[in-house]
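Comments concern the structure below.
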Ligand code: FES
C-alpha cells in the first residue's frame, strides 16, 4: 500500500468562483470540487445514476445537478434531496492560503 499525504492541493481558490464547480483529480481519484458561497466542498465526481461527470454540473446553493439527466446531490451531505438513500461520497476540504486542499485516505 502506498502512503499519501493527508491533505493534497487540488486547486487555487481563485480558479473556482462562488457558485461554480469543476472536476479535479488527485492520485487518480476524480472529484467534483464546488465553491458554495465561499465554502469549498468535494464529492465523488461519478454520478451514481449512470456515471455522469458531476464536476461539469450546475451548482445551485449547496445542490449540484448532474449534467446528464439532472439528478441532484447536496454537496455538504452527499445525499440526493429527492432520495437520501442515494448519495455520493464527500471528502473534507480545507483552504490553506490560496490553496484548496482535499483530505484523502492515507492509503489507496
Ligand atoms: S448520470 Fe447523472 S443523472 Fe444520469
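Assuming residue 12 fulfils every condition listed in (1) surrounded by 14 or more Cβ atoms within 10 Å (Cβ to Cβ); (2) within 13 Å of residue 100 (Cα to Cα); (3) touching a residue at least 40 places away in the same chain (Cβ under 8 Å); (4) more than 14 Å from the ligand (Cβ to nearest atom) apart from one, which condition is it?
Among (1) surrounded by 14 or more Cβ atoms within 10 Å (Cβ to Cβ); (2) within 13 Å of residue 100 (Cα to Cα); (3) touching a residue at least 40 places away in the same chain (Cβ under 8 Å); (4) more than 14 Å from the ligand (Cβ to nearest atom), the lone unmet condition for residue 12 is (1).
With the requirement that a residue be assigned to a strand (DSSP E or B), away from the ligand (no atom under 15 Å from the Cβ) and either touching a helix residue (DSSP H, G or I) at 6+ places or on another chain (Cβ under 8 Å) or under 19 Å from residue 12 (Cβ atoms) (or both), what does region 56-108 give you?
Correct list: 91, 93, 94, 95, 96, 99, 100, 101, 102, 103.
Restricting to region 64-76, give me the number of residues that are under 11 Å from residue 41 (Cβ atoms) and either touching a residue at least 40 places away in the same chain (Cβ under 8 Å) or over 11 Å from the mean Cα position of the chain (by Cα) (or both).
3
Only one of (1) farther than 19 Å from residue 28 by Cβ; (2) surrounded by 17 or more Cβ atoms within 10 Å (Cβ to Cβ); (3) touching a residue at least 40 places away in the same chain (Cβ under 8 Å) is not met by residue 43, so which one is it?
Condition not satisfied by residue 43: (1).
Being over 12 Å from the mean Cα position of the chain (by Cα), more than 8 Å from the ligand (Cβ to nearest atom), within 14 Å of residue 93 (Cβ to Cβ) and surrounded by fewer than 23 Cβ atoms within 10 Å (Cβ to Cβ): is that true of residue 38 here?
yes
Considering only residues of region 19-35 that are loosely packed, with under 14 Cβ neighbours inside 10 Å and assigned to a loop (DSSP other than H, G, I, E, B), which is farthest from the ligand (Cβ to nearest atom)?
It comes out as 27.
So which residues in region 46-55 are in contact with a helix residue (DSSP H, G or I) (Cβ under 8 Å, 6 or more places away or on another chain) and assigned to a loop (DSSP other than H, G, I, E, B)?
47, the sole residue that qualifies.
FYI, it's all coordinate maths here, none of it is from the lab. It should be emphasised that the depicted structure is a prediction, and the values quoted were computed from it without experimental measurement. Cβ atoms come from the backbone with ideal geometry, glycine included; neighbour counts cover every protein chain shown.
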